[in-house]
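Comments concern the structure below.
The values are calculated or read from the model by the stated rules, or taken from the named source; none is laboratory data. Because the structure is predicted, anything quoted here is derived from the model rather than measured. Positions of Cβ are backbone-derived with ideal geometry, glycine not excepted, and every protein chain shown enters the neighbour counts. Please note that ligands, DNA and RNA were not included when accessible areas were found on the heavy atoms of the full protein model with its side chains. Shrake-Rupley method; radii C 1.70, N 1.55, O 1.52, S 1.80 Å.
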Amino acid sequence: MTRLLAAAIGAVTALTLVSPTAHAEPLYGGQGPERAATSNDATRAAPITRREVIARAKDWLDPPVPYSMGAWHEGRRTDCSGYVSMAWNLDSSMTTVSLPDVAHRIEKDELRAGDVMMNGGPGSGGANGHVAIFDRWAGHDHDTYWAYEQTPPHTVHRKVPYPYFDNDTRFLPYRYNLIEDSPFPQRP
């Protein structure tokens, strides 16, 4: 009887540890294999170089991972914020609501490979927000850029008008707090 009780307590404890209770916003895609991330979780992540972020972003491009707010791939949700969480090598899948907790705003002229363009923060949960990984400017005038995105139907690398399609000014440039600014060639 004691072993049965201990096993039951262990199971309840394990379920509690993976329960997504860190945010008021629901995590789309259910509980998945990981729990919701908090800013404390992400600060335990190791620094990452820009080159590593881009290499990780390319991992989901070939073959392209199908987009879904309800599916998981390699321990991450297969939506836009799960994709950025994977590329930044965060400890768990964050949401567009929580990604600003591990990043800071930058100016347009500071954008470099591995930064993001994001409609995030409060009110951006579910389909209300979006985030794309900045790769490089598409031209010298800086009105279009190449981005890696997890968007329907799957992961893409495409040109995006600045700040985003339909001149959506809710999209702002952000930089991951632990990114290392090692040299990375910037193309036009």
Along the stretch 90-102, Karplus-curve 3J(HN,Hα) (6.51, -1.76, 1.60; θ = phi - 60°) to the nearest Hz, with x for Gly and Pro, reads 6, 5, 7, 6, 8, 10, 5, 5, 9, 4, x, 5, 10
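In the stretch 69-124, what GluC sites (Glu not before Pro) fall in a loop by DSSP, with at most 13 other Cβ atoms inside 10 Å?
GLU74, GLU107
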Here, ARG158 and LYS108, labelled 7 Å along Cα→Cβ, have an inter-label distance in nm of 2.2
Residue separation between THR151 and LYS58 times 0.36 nm, minus their alpha-carbon distance, gives in nm 32.1 nm
Over the stretch 94-177, with neighbouring protein chains present, the accessible area per residue in Å² at probe 1.4 Å is 41
Residues whose modelled amide H sits under 5 Å from the amide H of MET94, counting only those 5 or more places away in sequence or on another chain, are SER85
For the pair ASN177 and THR144, the simple spin-label estimate (label points 7 Å beyond Cα toward Cβ) gives in nm 3.6
With Rg from the Cα atoms and Rh as the Kirkwood inverse mean 1/r over Cα pairs, the stretch 82-188 has an Rg/Rh of 0.93
